[in-house]
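Read the structure below first, then the notes.
The values are calculated or read from the model by the stated rules, or taken from the named source; none is laboratory data. All of these numbers come straight from a predicted model, not from anything done at the bench. No Cβ is skipped: glycine too gets one built from the backbone with ideal geometry, and neighbour counts run over all protein chains shown. Areas reflect the complete protein model, heavy atoms only, side chains present, ligands, DNA and RNA absent. Shrake-Rupley method; radii C 1.70, N 1.55, O 1.52, S 1.80 Å.
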Amino acid sequence: MTVTATLGIDPGSIRAGYAVAHRNAGTMEAPDLIAAGLVTAPAARPITERVRSIADDLLKIAYDLDRLDEIVIELPSKHAPHRGQSRSGQALYGYGVGYLHAALAREGSWPITTTNPAEWTAGVVKRIRQASIAALYDENGYNASDDRGADAADALGLILWHHHNQLAASL
């Protein structure tokens, strides 16, 4: 059985959620959670400093792993900003995502898969996605109370979505 190590990233311009999971290719088993957490940058700093700091921290996580086979990143939504986010906030988010994607592509040789929220969330609101992830992984290193904004939960959700798509494609 082939085990694949995947880094899922829910990026942002102030914080990014990440998850690392090992999954058995070709099986319906849920991936094993290795790590999950948040990378943050002070909101008062200029956008260029924030996204550079977040990208640097995520690159360090990627390089510190014993093994990394692929990365899955959420892209900005193609739709209007979500509730509580302005158009300028959405643009800053897009800038952060673009910078992160470029840094990962430049620094590593990992295959990168991207998706937009509409493809993988199926319209399920963030707090319900977080509760579902917590139910699956609360004993394996995911702590919902430490995941302000549910960004780490979304990073793990991206890995689950990616695993499902790869399995479906192989059938």
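Remarks
- Amide H contacts under 5 Å for Thr113, placed H, 5+ residues apart: Ile71, Val72, Ile73
- Excluding exposed DSSP-loop GluC sites (Glu not before Pro) (at most 14 other C-beta within 10 Å), longest clean stretch of the chain: 30-138
- Computed over protein heavy atoms with a 1.4 Å probe, the accessible surface of the chain works out to 52 Å² per residue.
- Segment 90-138, accessible surface, carbon-and-sulfur percent (1.4 angstrom probe): 58 percent
- Of interest is the spacing of the C-alpha centroids, which for segment 96-153 and segment 8-77 amounts to 7 Å.
- Unit charges on C-beta of K, R, D, E only; dipole of segment 126-171, Debye: 200 debye
- Computing Cα Rg over 2.2 N^0.38 Å directly from the structure and comparing it against (1) 1.23; (2) 1.68; (3) 0.98 singles out (3).
- Couplings 3J(HN,Hα) of segment 39-55, computed from phi: 10, 10, 9, x, 4, 6, 6, x, 4, 4, 5, 4, 5, 5, 4, 5, 4 Hz, in residue order, whole Hz [Karplus 6.51 cos²θ - 1.76 cosθ + 1.60, θ = phi - 60°; x for Gly and Pro].
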